[in-house]
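Read the figures in this text as sums done on the coordinates, not as results from a lab. All of these numbers come straight from a predicted model, not from anything done at the bench. Counting neighbours? That spans all protein chains shown, and the Cβs are built from the backbone with ideal geometry, glycine included.
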Amino acid sequence: MSTFIFKSSYLLRVIEGDWNPFTPNVIEISESKIEARRRNWYLISTDKQNYHFQNISGVELNKNLFGAVVKIYTNGGGKIVMHGFSKSKANEILSICEKHINNHSQKSVSDTISNAVAAAMRTGKASSGASISDEIRQLKALLDDEIITKDEFEYKKNELLFNQN
């Protein structure tokens, strides 16, 4: 399991208006989570934010003349904003995060759909019309909660309806 650690540049932080010379902003990316660390305003300790990739909705880069700002958005509406990274480091952070976000979202969607279908089949009602309609209702609930996309919903619904024999 590989871990990537990115530290901000003091010069780029100063350009952004961060005058804290003691500790750089750090983004640590592992297989399952991302951790952001920065010195707090009191200069006594370091503040940490941890998010699992299943809870991250996206990553944005704001590039300026000298560097870049990395913004990481969470599903709950929160975000991590880290200043002082070079453009090349920021691009690398974006690339790694997008790969992990896509891997986790694909796994969670396919696992959710598979679990819902398996649960319906375990009830022993998979061949009856009632269990298929229940399964479609469960898939609709997943769609309403934005866990699956409309295309995934339609695909699984058609699969249930047309493969029932």
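Run through region 1-52 and list the trypsin sites (Lys or Arg not before Pro) located in a DSSP loop whose Cβ has at most 10 other Cβ atoms within 10 Å.
When the trypsin sites (Lys or Arg not before Pro) of region 1-52 are filtered for loop state and at most 10 Cβ neighbours within 10 Å, nothing remains.
What is the local net charge at residue 46, summed over the other residues whose Cβ is closer than 10 Å to its Cβ (Lys, Arg +1; Asp, Glu -1)?
Residues close to residue 46 contribute a combined charge of +3.
Among residues other than residue 11 whose Cβ falls under 15 Å from its Cβ, what is the net charge (Lys/Arg +1, Asp/Glu -1)?
Charge balance near residue 11 sits at +2.
Just grab the label-to-label distance for residue 154 and residue 14, each label 7 Å out from Cα along the Cβ direction, in nm (one decimal).
About 5.7 nm separates the two model spin labels.
Subtracting the Cα-Cα distance from 0.36 nm times the residue separation, let me have the gained length for residue 28 to residue 55 in nm, one decimal.
8.1 nm
Taking H as built 1.01 Å from N, whose amide H comes closer than 5 Å to the amide H of residue 58, not counting residues under 5 places away?
The list, which skips near neighbours in sequence, is 73.
Stretch residue 134-residue 99 to full length: gain in nm at 0.36 nm per residue minus the Cα-Cα span?
Residue separation times 0.36 nm, minus the Cα-Cα distance, leaves 9.2 nm.
With contacts defined as alpha carbon pairs under 8 Å and 6 or more residues apart, what's the relative contact order of region 4-103 in percent?
Value for region 4-103: 26 percent.
What list of ³J(HN,Hα) values in whole Hz, one per residue of region 49-60 in order, does the Karplus curve 6.51 cos²θ - 1.76 cosθ + 1.60 (θ = phi - 60°) give from phi, with Gly and Pro shown as x?
Running phi through 6.51 cos²θ - 1.76 cosθ + 1.60 with θ = phi - 60° gives 10, 10, 9, 6, 4, 5, 9, 9, 9, x, 10, 10 Hz.
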